[in-house]
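We did not get these values from a lab; they are worked out from the coordinates using the rules stated. Not measured: the values here are computed from a predicted model. Heads up, the Cβs are rebuilt from the backbone with ideal geometry, glycines too, and the neighbour counts pull from every protein chain shown.
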Number of protein chains: 2
Amino acid sequence: MSEVLIVGSVAYDGLKTPYGSAVRTLGGAAVYAGFAASRFAPVRMVGVVGSDFREDDLRMIRRAGINTDLVPREKGRTFFWKGRYEGDMAVAQTLKIDLGVFERFDPKITGRAREIPFVFLAAIHPGLQASVLRQMRAPKFTVLDTRDLWIKIAKPGLLKVLRGVDLVVVNDQEIRLLTGEMHLSKGARALIRMGPRIVIVKKGEHGAMMFGRDWAFLSPAVPLDHVVDPTGAGDSFAGAFIGYLARAGRVSPETLKQAVIAGNLVASFTVEGLGTSSLRSMSRPQLKKRATAYHRFASIPKVRI
Amino acid sequence: MSEVLIVGSVAYDGLKTPYGSAVRTLGGAAVYAGFAASRFAPVRMVGVVGSDFREDDLRMIRRAGINTDLVPREKGRTFFWKGRYEGDMAVAQTLKIDLGVFERFDPKITGRAREIPFVFLAAIHPGLQASVLRQMRAPKFTVLDTRDLWIKIAKPGLLKVLRGVDLVVVNDQEIRLLTGEMHLSKGARALIRMGPRIVIVKKGEHGAMMFGRDWAFLSPAVPLDHVVDPTGAGDSFAGAFIGYLARAGRVSPETLKQAVIAGNLVASFTVEGLGTSSLRSMSRPQLKKRATAYHRFASIPKVRI
């Protein structure tokens, strides 16, 4: 089993959805991805927190098997995001952002952490993603996430860092922005020509599609009766995905597909609770049970033509 | 192998999509469903055509293995629909409808046709659907399609006929209109309480979901690079679905799932050409090849939790 390095935001979130709200709850891409990945492999988290960061939260993160030695506490406030979801909760409305100490975030990877083989770069500025990659010593598999903001304001830097990663995770809007292609599989092929050899397109309630140069794979989303809070779904997906690969220790067509399914399964827990609550309380028997139900739901029989 | 009875419109369509157009091409729900079903089982078509219906088109239908004895030619014009698709072609804009002889359509099922075991009621008026059901002698499996128009203007009649069918095919908008549930699986369960024991929700490019009282199954859509004309996709799906079941001769969890996949596969050919052209020219080797590719794309491996 290999270790996973996860770089991204550690935050407090203010959340409001039709089904609940929280004033200041633990959040951030590295936190969601870290909790998810730690179910499968040891995690090294890279981020920054402010003087207001609660010791209890730090302990909770560590108890999950996440090493926080590379998450310094700096003077200032922890990154704060306040968002609201309405209706079908497809899109988060950002009500407030306070970057706090995250504004000067400059990830430093030191010592043995540079040799960690599996790397997840959450959707931070492409320049910081590139800096992390430069500090790593020949990682075995690198996954990059991004967001529309970086495609709009830092595209050249993003295109540069894309050339150096194995896999990129996007949603359908991002792939269109990045490639100009309206059609998902054409967009995926265009993106592969930009560097990464694998592309995952997250389609929310419609699951996730994974594309290689000459193949594609679809894993439907887990059907859920009740979504409470979509925050962190994508980061949980990516975290479980790379965690699964790290546990397997090898990247093959089979483990990649399994990792996508693991991502969907774990993300389905995340959205059932507010903030990180359901992701944290998810037990192994619950996850196993959902995996069994998922296979009943999504396994397709051979059709006789 | 059993026979399939298909009741619905036989029409001429005027089509305009970003990728092609046709002034007056063979169309109608019974035609698309008939061509699709006839790939798997013999088809008895029930409909009506006008004095303008071309003998060539009738011959083409018959050559596909479709019995048209219950498609009388009446004085007047054949049902004409003119529609246009733009952008992502998700919704057809209706530019013109001329019901012609279809206005007085009153399906008469006579003789041995009453004993056909597999019945597909395309989206005609619920009163006519009920009339067909009354004329049938204990069909083995009945599938009903409908559309938003009938839910809006003939809901009581529709609710009545729903009580007498085995399976209903809807899209996400229709299931919401019918049940008032925003959530697909809740809507499906509500619909099952209204009569049919199985519900299929067509999700277009996201595939089709099938629901029973305590189970669900998802078949993703076939990923396509180039959709030319979405007309008839739903009817082709339903036709191939019931044709597959009729060929199997039995309705089991396994054959139902296979039939959904067959529906997706055949519908994927339909939308690649204008009107019925690609559906008609689809060869068995092409269909087999696509089935193989589909299994590579949508088969999910067991995940190790």
Specify, for chain A, the residue whose C-beta is closest to the rotation axis mapping it onto chain B, with the distance given in whole Å.
-> A:HIS206, 2
In the Gaussian network model of chain A, springs joining C-alpha atoms below 10 Å, which of A:VAL227, A:VAL266, A:VAL199 carries the largest mean-square fluctuation?
-> A:VAL227
Euclidean distance of C-alpha centroids, segment A:170-189 and segment A:230-271, integer Å | 21 Å
Jot down the radius of gyration and Dmax of chain B, Cα atoms only, both in angstrom.
-> 18.1, 67
Would you work out which of A:ALA130, B:THR94, A:GLY243 lies farthest towards the positive end of the dipole of the protein assembly as shown? Charges go on Cβ: Lys and Arg +1, Asp and Glu -1.
-> A:GLY243
How large is ³J(HN,Hα) for each residue in segment B:208-219, as worked out from phi by the Karplus curve 6.51 cos²θ - 1.76 cosθ + 1.60 (θ = phi - 60°), to whole Hz, x for Gly and Pro?
-> 9, 10, 10, 10, x, 4, 9, 8, 8, 8, 10, 10
Rank the residues B:PHE141, B:PHE237, A:PHE120 as a footprinting-exposure proxy: fewest other Cβ atoms within 10 Å of their Cβ go first.
-> B:PHE141, B:PHE237, A:PHE120
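Any number yet on Rg/Rh for segment B:234-273, C-alpha, Kirkwood? Before the final figure, lay out the partial values.
Details: Rg = 9.9 Å, Rh = 9.8 Å.
Rounded to two decimals, Rg/Rh equals 1.01.
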Which of A:VAL161, B:GLY232, A:ALA267, positive extreme of dipole for the protein assembly as shown (C-beta unit charges) = A:ALA267
Here the percent of antiparallel bridges among DSSP beta bridges lying wholly in segment A:34-130, to the nearest 5, is 55 percent
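Evaluate the relative contact order of segment B:1-135 (contact order divided by residue number), counting alpha-carbon pairs under 8 angstrom at least 6 apart; express in whole percent.
Values: 283 pairs, mean separation 40.3, N = 135.
After rounding, I find 30 percent.
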Can you list the distances in nanometres, one decimal and ascending, from the A:GLY164 label point to the identical position in each other copy, with the point 7 Å along Cα to Cβ?
-> 7.1
Amide H neighbours of B:LEU70 under 5 Å, at least 5 residues apart or on other chains, H built in the peptide plane: list them.
-> B:MET45
For chain A, modelled as a Gaussian network with Cα springs under 10 Å, which listed residue fluctuates most, A:LEU149, A:LEU128, A:LEU15?
-> A:LEU149
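Is there a simple number for the mean count of other chain Cβ atoms within 10 Å of the Cβ of residues in B:209-221, and what is it? Don't skip to the answer; put the middle values down first.
Details: counts 3, 0, 1, 0, 0, 0, 3, 5, 6, 11, 5, 8, 2.
Counting Cβ atoms of other protein chains within 10 Å of each residue's Cβ and averaging gives 3.
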With x for Gly and Pro, the residue-by-residue ³J(HN,Hα) of segment B:266-274, computed from phi through the Karplus equation 6.51 cos²θ - 1.76 cosθ + 1.60 at θ = phi - 60° and given in whole Hz, is 5, 4, 5, 6, 3, 6, 7, x, 7
With -39,500 (n - 2.57) per DSSP H segment of 4 or more residues and division by the full residue count of chain A, the 222 nm estimate, nearest 500 deg cm²/dmol, is -11000 deg cm²/dmol
How big is the Cα convex hull of segment B:157-305 in projection, averaged over all directions, in nm²?
-> 10.4 nm²
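What number comes out for the charge environment of B:THR110, summing +1 per Lys or Arg and -1 per Asp or Glu over other residues with Cβ under 14 Å away?
Spelling it out: positives minus negatives among the neighbours equals +3.
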In segment B:103-206, how many lysine pairs have Cα atoms under 28 Å apart, counting only pairs 8 or more places apart or on different chains?
-> 21
Using the scaling law 2.2 N^0.38 Å as the reference, what is the normalised Cα Rg of the protein assembly as shown?
-> 1.07
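With +1 on each Lys and Arg Cβ and -1 on each Asp and Glu Cβ, and nothing else charged, work out how big the dipole of the protein assembly as shown is about its Cα centre, in Debye to the nearest 20.
On the way: 90 positive and 54 negative charges, 288 e Å.
Its charge dipole is roughly 1380 debye.
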Karplus-derived 3J(HN,Hα), 6.51/-1.76/1.60, for each residue of segment A:225-238, Hz, glycine and proline x | 7, 8, 9, 9, 7, x, 3, x, 4, x, 5, 5, 4, 5
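Count the DSSP beta bridges whose two residues both fall in chain A, then state the antiparallel fraction as a percent rounded to the nearest 5.
Looking only at bridges with both residues in chain A, the antiparallel portion is about 40 percent.
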Given label points at 7 Å from Cα along Cα→Cβ, what nm distances, shortest first, separate B:ARG63 from the same residue in every other copy?
-> 7.4
Of B:SER278, B:SER51, B:SER219, the most mobile residue in a GNM of chain B (C-alpha springs, cutoff 10 Å) is B:SER51
Place the label 7 angstrom along Cα→C-beta at B:LEU224 and in each other copy, then list the distances from the first to the rest in nm, shortest first.
-> 3.1
Which distance in Å, rounded to a whole number, links the C-alpha centroids of segment A:134-148 and segment B:61-105?
-> 55 Å
Counting DSSP beta bridges with both ends in the protein assembly as shown, the antiparallel % (nearest 5) = 40 percent
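Which order results if A:ASP98, B:ASP229 are arranged by neighbouring Cβ count within 10 Å, fewest first? Kindly include the intermediate steps, with their values, before the conclusion.
Values: A:ASP98 16, B:ASP229 29.
Fewest-to-most ranking of A:ASP98, B:ASP229: A:ASP98, B:ASP229.
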Just tell me how shielded B:292-300 is by partners: mean number of partner chain Cβ atoms within 10 Å of each residue's Cβ, no decimals.
-> 6
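For a footprinting-style exposure proxy, rank A:ARG63, B:ARG24 by other Cβ within 10 Å, fewest first.
Details: A:ARG63 10, B:ARG24 16.
If I rank by nearby Cβ atoms, fewest first, I get A:ARG63, B:ARG24.
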